[in-house]
Amino acid sequence: MAYIILIIVLAVLAVAIGGTLLLRPRGSRGAPRRGGADFDTGGGTGTTTESRPGTAGAGTIAAPPPQPSAPPAERPAEAPALELPPPSAGRMVRLRARLARSQSGFGSALLSLLSSGRLDDETWDEIEEVLITADVGVTPARQIVSDLKTRVKVEGTRTPDDVKAMLRTELLSQVETEASRALRTRRHEGRPAVVLVVGVNGTGKTTTCGKLARSLVGDGETVLLGAADTFRAAAADQLQTWGNRVGAETVRSDREGADPASVAFEAVSKGIETEVDVVLIDTAGRLHTKTGLMDELGKVKRVIEKRTSVDEVLLVLDATTGQNGLRQARVFAEVVDVSGIVLTKLDGTAKGGIVIAVQRELGVPVKLVGLGEGPDDLAPFDPDTFVDAILGG
């Protein structure tokens, strides 16, 4: 019995000692702690060399290990320097030489025929042919020939200077129009002017919008651009690039193929809110023969007019298309009530007679002409400069 009691006591002691060993912290077993720190376990009065960041207290605190240096922050991209475009006044005069080079054949042929020694029926037929070839149109060409015949009979002289003066007067009478060529781009009734730019594919509408924005900024007006051409992927980017150069904000959709009317409405609303002077709306090119697309263009105008009036509808025509451009113009004029014509590429192979033809056909004035590919080669149309350039005067 005594042996049994002794065995029980020894077992209890063994269990107690084992539990004590298991509960002691590892550092007290003499095993070095990670990092080689040496702790005093005899009452906490020793020193420690372990770093304890963020803790203030007695003892020596080792410096924290070096951290890898952070990569240098990327410098924000610098905004492009804003350009200061020249004012629109006098642009066509400055570009007159370029216009004269492209149109001189038309004028010189007429002057040569009119100042020839004889003006019989054959010569008058040649004069009419030159006019038609220059895209004046059949009816205006016959009217010009009839008027010239009368003047020649009445005045009875054909010196070079007289012929040139006579032809200049006749061409001016055909180019002039009672309608105003001034662009309506002034704020009115506390709201910005709204200009809608329309036309068929490839005539240069987006470029015209950008150049017109530059011209207006050069004249001291504030401009907001609306990228309502949501079908051509690069159109909004192209328009925004033009705007960024002169500090004009562009309202656009983040989704290709978005409703152009909603983009136009948002642009006009933004223009009213920010109190700009002019809102320019670029629209998608569309064939005049596509009824659905033309109806959509009419919708764009109607949606804008729920917010404010549309002050200008500018139809962009490629002057090199000649009489074909007139067929396009007729349909656009019916759908959106065109108020002005922009003739682009007039410095190239275009014939100047298209100015006479389009004004006579639509009763709408040519307000702007494109005379080159440079950013400032869009000019207000001036009849005197135009006719003088044709005649080389």
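The values are calculated or read from the model by the stated rules, or taken from the named source; none is laboratory data. Note that the structure is a prediction, hence the values are computed from the model and not measured. Please note: Cβ atoms are built from the backbone with ideal geometry, for glycine as well, and neighbour counts cover all protein chains shown. Surface areas here come from the heavy atoms of the whole protein model, side chains and all, with no ligands, DNA or RNA. Shrake-Rupley method; radii C 1.70, N 1.55, O 1.52, S 1.80 Å.
Key figures
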{"quantity": "Solvent-accessible area, 1.4 Å probe, carbon plus sulfur percent, for segment 252-393", "calculated": "44 percent"}
{"quantity": "Highest-first arrangement of 116-124, 322-330, where packing means the average Cβ count within 10 Å", "calculated": "322-330, 116-124"}
{"quantity": "Protein accessible area in segment 121-170, 1.4 Å probe - carbon and sulfur %", "calculated": "46 percent"}
{"quantity": "In segment 258-350, GluC sites (Glu not before Pro) in a DSSP loop with at most 14 other beta-carbon atoms within 10 Å", "calculated": "E275"}
{"quantity": "Where segment 132-245 is the region considered: accessible area per residue in Å², 1.4 Å probe", "calculated": "44 Å²"}
